[in-house]
Amino acid sequence: MFRDERLALRSSVHALWVCAWMAVLTSGAQRAWGGGDTWADVTDVTQYVPLAWAAARTFHAADVEGAFQLAVAGAATVGSSELFKRAVNEKRPNYRSGDGKSSFPSGHVAKAWFAAAHLQRRYGCYELDWICWRGSTIPYAAAVATSIGRVRAHRHHIADVLASAVIAETWVWVTTDRFDDDMRIVPSFDNGFGIAILKKF
């Protein structure tokens, strides 16, 4: 098995392990809190699957620059989504008198979508080839499931989840570039702490 395939397998196994524990812990918390809405409960888990996957992939690639870009993309996406919520002040589909007006855009979808988009932009490609998309298939599936679930749970309108996906994709394109496997930025502990840039020629 080639090195890249071993790396992809290790990343996938680690990500699945993290996601499984997140699902167990979150579902346990939901039961303890008495959550009754199945779709809402599911999306409370699926929103974090792409982020766990992206974190595992970044860790296994020892991609410090990618970790920074993931953090920046996440902060920009979630931050701008929260600003839009306050500016638009739209009622949710299940709005009741006294509820907050925070339907547009969806925070759950923003969290899920930016991590999936980061994986594709950083480690994938955009050709119609399975090898370009295999690393982000499950994260994008989780992001789509989150989008559908938020609508089915009557927490958001369709426009809310579409807007979140557009916001996430836009910020990822601005903040993330393609991973250069021949160049690594890694921590260095020689004579104190620093950053080392390693380049293959």
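Values in this text are rule-based calculations from the coordinates and carry no lab data. None of these values were measured; they are calculated from a predicted model. Note that we place each Cβ from the backbone using ideal geometry, even for glycine, and neighbour counts take in every protein chain shown.
Quick notes on this structure:
- Neighbourhood net charge (14 Å Cβ-Cβ; Lys/Arg +1, Asp/Glu -1) for residue 156: +3
- Packing here is the average count of other Cβ atoms within 10 Å per residue, and on that basis the peptides 46-57, 79-90, 126-137, 167-178, highest first, run 46-57, 167-178, 79-90, 126-137.
- Nitroxide proxy distance, nm - points 7 Å out along Cα→Cβ at residue 62 and residue 91: 5.7 nm
- Placing a pseudo-label 7 Å from each Cα along the Cα-to-Cβ vector at residue 154 and residue 38 gives an inter-label distance of 1.6 nm.
- Extension gain, residue 101 back to residue 131 (0.36 nm per residue minus Cα-Cα distance, nm): 6.6 nm
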